[in-house]
Amino acid sequence: MRRLGLRALKWPFDSKEVSGIVANLERYKQTIMLCLQVDQTTILLDIQQKFDSVSLQPCGDRPIARIPCFNVPFDRDPDFVDRPDITTWLQSQYTGSVSRMALVGMGGFGKSQVTIQFAHHIHSESPQTSVYWVHASSRPRFEEAYRSIAERLQLPRRNDPDVDVLGLVRDWLQTEEAGSWLMILDSADDVNLFYPIHISGDKAVTGLADENTIARTDQQPLAAYLPKCRNGTILVTSRSMDAAERLTGSHKAIHRVSTMDDAQGFQLFRNKLDGDFDKHAAADLLRALDYIPLAITQAAAYINRRAPRISITSYLDTFRESDKKKGSLLNRDAGDLRRYETVSNSVVTTWQVTFEQIRHERPSAAKLLSFMSFFNPQGIPEFVLYDYNADPTDEADRDVVRDSFEDDLDILRGYSLVSVTETGGVCEMHALVQFCTRFWISAAGNEGTWRQLFLRSVSRHFPDGTFETWPICQMLLPHVEPVFEKEPLHEGLLDWAYLLTNCARYMLTIGNYGVAENLSKKAVNTRSKVLGEEHPDTLTSMANLASTYRNQGRWKEAEELEVAVLESSKRTLGEEHPSTLTSMANLASTYRNQGLWKEAEELEVAVLETRKRTLGEEHPNTLTSMANLASTYWNQGRWKEAEELEVAVLESSKRTLGEEHPSTLTSMANLASTYWNQGRWKEAEELEVAVLESRKRTLGEEHPDTLTSMANLASTYRNQGRRKEAEELEVAVLETRKRTLGEEHPDTLTSMANLASTYWNQGLWKEAEELEVAVLESSKRTLGEEHPDTLMSMYNQAILWKDHDRVEDAHALMRNCVVIRQRVLGTDHPQTLSSVVCLAEWENTSALLSERNESG
């Protein structure tokens, strides 16, 4: 028979109950003695002695037997993927001196899963350590968990209605008899549950007006029931950094849980998915899911359930097909034995709990989250975000918002919804967080309002595309590109057209003519529909589209639009209105590019005379007209007249604008070009050096105008036979343009052609040919086979082949160039005529050689 121990027993009954039990045992003893033989009475006497040793001391005053307890409600996950950065940190904190630590991250990032694994690890490595699990999402949940602990420990008076069970558990855990323990405080997201704010004598009001957050005055805050002792550690999991900081008392005791890395995400997907799968398709899907553990698990469960009809690829196709279908997939609930039964494990629902908590806690932070959900997830500039709670056009209102912005951003960062880059001024979000935010505000019927505010804000902030604004344009472009293809509702049409106009200008300056054309067309159509075809803004959009055509060498289309703009401007604004004169100047430029010198000159003279009369002889616009007319004279070979005008423009610019004003430097460069065409190399060089030095100093070494000056000076060196100096400059220009503009920007291709010319003059045929071929191929690809710049590359390539004795190839290429130039530029265009003359000379030379060979 098993022997009874001699130590005092922990007894769950009072003295009266114990007396009754002993009396019953006495009766059992008498019955047994009657049934047993005499020689077994010694055993009964021994039992009697053990009963006599039972103390009837009140159990409230007696020590409790210390039995290790493990009440984690979840088993280990057989598919668990270790995340060493988290588990190593947990282990180091647990074995260190801290008594509290926390994992903070968004719902679905894997905090609880890592914690479950860690709890089982501690239980396995240290069986004498008790592990307690407390669900802390609400006060009732917290109380339920503590009562469960009291039951497991069989704490005295736990069923007494007059006893505070929460305090009973806390006090026991703070005793040495409790031994070492680890408490998991899971889902402690609401700081007000633990530290409520009292605003009246009978209520404690917190962020949410429900059972979780309104406490009676006779209730202690939950934080008061968390034990403080050396023999125990509390591990908190929370979505809220604020809650984690309050509960741990130290930012150093908190670890942010982010998404999985590529390898971890792939391993989790492999563990969850049945059978083999396409690794490349899986990688694409994981990227789309942002490597978020809950999203990965949910996707794998969906694919498993519907296989083989659903594959990874088909799931991804559905995911990307539309927001509606993406929302449907993310809103599905997949079974998970390691999540609470009453809590949905769909991504959408999991995160909407957080969104609602933020909305109650700080409504303005929820507004910021809603606004940010319409940006690209990466690289969100803070200066645009100030519009989230203000009228973008009201500067005074924006100043007030700036004061609260930091607090709102801090809330979102605390919930791991938003991060800030190390350099500052730029925010980032997960794409799925943005999508679920939009899903949330759409369900509330607010998506249209936020979408309209986003459009109004970015249209206001996107600059006009001048070089100085390029950094901002580059920063904002990824955020506005999705807007290009989706025409908004009527209320946002003019904001959309304004945004398209500025984006088109930027695209034009960086040489992306195709996109510039597409955006300009949409702006024209929108403004025509809303404002009318002759509204000034509509005419501006038409002029921008014509400029895009002009840069593509589509002179006829540009001319048609510019004529229409000019006629409308005359009719609606008047013949001498500044916009009308600008339209005339634009049309003159198109005529000049077609070699229609007479038509260009007539318009430019008319514009110049009108501007002199209405603006004055030294007004910047008047000086621009003089420079344009000089350019027409220059193209006609009328050097003297061009020079006289350019000298006059330069002197006036120096006097009225200053010697280093950009317009003054442009005038110097134009005059240098006129000297260059007359073979006056020294005078050209002096001006070009002066312009280059001034532009470096005032604009910077990588400004497009500075690079143009370097290219012009290199050309002057080349014509003086100073080929090494020319090459050095041209290489520098080419490298800078590749880096700042891109390898296929028209200006970059021009630099390549110039360097090829220098190589050709040095007899470096191979290097020259490689560059010319590259220029021609890039021009065909980016500008089109019939663009004037492409035709110029064909012309140069043909000459290079001719000089390199590839006569047949050269003749064939030049013939092609002649045919296309005649069709595109016209038979009388100077470039057409130059190629016709060149081909004729070659063919005559070939004919003479053939005759000599035959006669010889």
The range 821-856-the range 247-321 distance, computed between alpha-carbon centres (Å)
67
Tell me, what HN-Hα J-couplings in whole Hz come from the Karplus equation 6.51 cos²θ - 1.76 cosθ + 1.60 at θ = phi - 60° for each residue of the range 752-761, using x for Gly and Pro?
5, 5, 5, 5, 4, 5, 5, 4, 4, 5
What is the distance in Å between the Cα centroid of the range 405-424 and that of the range 615-684?
54
In order through the range 681-698: 3J(HN,Hα) via Karplus (6.51 cos²θ - 1.76 cosθ + 1.60), integer Hz, x for Gly, Pro
4, 5, 5, 4, 4, 4, 5, 5, 5, 4, 4, 4, 5, 5, 5, 4, 6, 9
What spacing in nm lies between the two simple spin-label points modelled at residue 612 and residue 803, each 7 Å away from Cα in the Cβ direction?
4.4
Quick one: Kirkwood hydrodynamic radius for the range 84-256, alpha-carbon pairs, angstrom, one decimal?
16.6
Which lysines have a Cα lying under 25 Å from the Cα of residue 111, excluding residues fewer than 8 positions away in the same chain?
228, 252, 272, 326
Ranking of 832, 614 by count of other Cβ atoms within 10 Å, fewest first
614, 832
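For 132, 675, what's the fewest-to-most ordering of other Cβ within 10 Å of each Cβ? Display every interim value, and only then the final one.
Details: 132 25, 675 21.
Going from sparsest to densest Cβ surroundings: 675, 132.
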Compactness summary of the range 349-454: radius of gyration and Dmax from Cα atoms, Å, are 12.8, 38
What is the chain's relative contact order, in percent, from Cα pairs under 8 angstrom and six or more apart in sequence?
6
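Relative contact order of the range 611-665: what whole-number percent is it, with Cα pairs under 8 angstrom and at least 6 residues apart? Write down the numbers at each step before the final one.
Working: 46 pairs, mean separation 14.0, N = 55.
Over the range 611-665, the number comes to 25 percent.
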Grab the other residues whose beta carbon is less than 12 angstrom from that of residue 654, score K and R as +1, D and E as -1, and report the net.
-3
Which lysines, if any, have their Cα less than 18 Å from the Cα of residue 802, not counting same-chain residues under 8 positions apart?
766
Can you tell me the Rg and the Dmax, both Å, for the Cα atoms in the range 785-855?
12.8, 44
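What FRET efficiency, computed as 1/(1 + (r/R0)^6) with R0 = 41 Å and r the Cβ-Cβ distance, is obtained for residue 701 and residue 853, rounded to the nearest 0.05?
Numbers: r = 56 Å, r/R0 = 1.36.
Computed FRET efficiency for residue 701 and residue 853: 0.15.
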Within the chain, what's the longest stretch lacking GluC sites (Glu not before Pro) that sit in DSSP loops with no more than 10 other Cβ atoms inside 10 Å?
486-856
Residue-ordered couplings for the range 349-360, obtained by feeding phi - 60° into the Karplus form 6.51 cos²θ - 1.76 cosθ + 1.60 and rounding to whole Hz (Gly and Pro as x), are 5, 4, 7, 5, 4, 5, 4, 5, 4, 5, 4, 6
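Normalised by the residues of the range 84-256, what does the relative contact order come to in percent, with Cα pairs under 8 Å and at least six apart? Could the numbers behind the result be given before it?
Numbers: 270 pairs, mean separation 58.6, N = 173.
Reported as a whole number, the value is 34 percent.
What are the semi-axes of the equivalent ellipsoid for the range 70-145, taken as the square roots of 5 times the Cα gyration tensor eigenvalues, largest first, in whole Å? Each step should come with its number before you reach the end.
Values: eigenvalues 72, 53, 42 Å².
Square roots of five times the eigenvalues give 19, 16, 15 Å.
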In a shell of Cβ-Cβ distance under 13 Å around residue 591, excluding residue 591 itself, what net charge do Lys and Arg (+1) and Asp and Glu (-1) give?
-4
Debye intensity ratio in log₁₀ form over the Cα atoms of the range 608-721, taken at each q of 0.21, 0.22, 0.23, 0.24 Å⁻¹:
-1.14, -1.21, -1.27, -1.33
Can you list residues from other chains, or at least 5 along the same chain, whose modelled amide H is less than 5 Å from the amide H of residue 415?
241
Amide H partners (placed H, <5 Å) of residue 256, local residues excluded:
104
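Under a Cβ-Cβ cut-off of 15 Å, what is the net charge of the residues other than residue 574 that fall near it, where Lys and Arg count +1 and Asp and Glu count -1? Present the calculation step by step, with values, prior to reporting the outcome.
Values: positive: 570, 571, 611, 613; negative: 534, 567, 575, 576.
Around residue 574, the charge tally is 0.
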Work out, step by step, the length gained on full extension between residue 823 and residue 94: first 0.36 nm times the residue separation, then minus their alpha carbon distance; give nm to one decimal.
254.4 nm
Between residue 144 and residue 529, Cβ-based FRET efficiency (R0 45 Å, step 0.05) works out to 0.10
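When DSSP beta bridges are limited to those with both residues in the chain, what percentage is antiparallel, rounded to the nearest 5? It would help to have the intermediate numbers written out before the result.
Working: 7 of 27 bridges.
That works out to approximately 25 percent antiparallel.
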Using only C-alpha positions, report the orientation-averaged shadow area of the convex hull of the chain, nm², one decimal.
56.4
Amide H within-cut-off set for residue 234, under 5 Å, with H built and near neighbours excluded
100, 101, 183
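Considering only DSSP beta bridges whose two residues both sit in the range 84-256, what percent are antiparallel, to the nearest 5? Before the final figure, lay out the partial values.
Values: 3 of 22 bridges.
Once the DSSP bridges in the range 84-256 are tallied, antiparallel ones form about 15 percent.
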Return, ordered by residue number, the residues of the range 67-100 whose backbone nitrogen is under 20 Å from a label point located 7 Å along Cα→Cβ of residue 229.
67-72, 94-100
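What length, rounded to one decimal in nm, is gained on full extension from residue 570 through to residue 641, with 0.36 nm per residue of separation minus their alpha-carbon distance? Please list the in-between numbers first.
Working: separation 71, 0.36 × 71 = 25.56 nm, distance 3.00 nm.
Value of the extension gain: 22.6 nm.
Explain nothing, just the number: dipole magnitude of the range 84-256 about its Cα centre with +1 on each Lys and Arg Cβ and -1 on each Asp and Glu Cβ, in debye rounded to the nearest 20.
Values: 17 positive and 20 negative charges, 76 e Å.
In total the dipole reaches around 360 debye.
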Could you pull out the trypsin sites (Lys or Arg not before Pro) across the range 753-856 that fall in loop regions by DSSP (anything but H, G, I, E, B) with no more than 14 other Cβ atoms inside 10 Å?
none
Place a label point 7 angstrom from the Cα of residue 786 along the Cα-to-Cβ direction, then list the residues of the range 553-589 whose backbone nitrogen is under 19 Å away.
553-562
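No value in this document is a laboratory result; all are computed from the given coordinates. Here the structure is a predicted model, which means the values were calculated and not measured. Cβ coordinates were reconstructed from backbone atoms using ideal geometry, including for glycine residues, and neighbour counts include every protein chain displayed.
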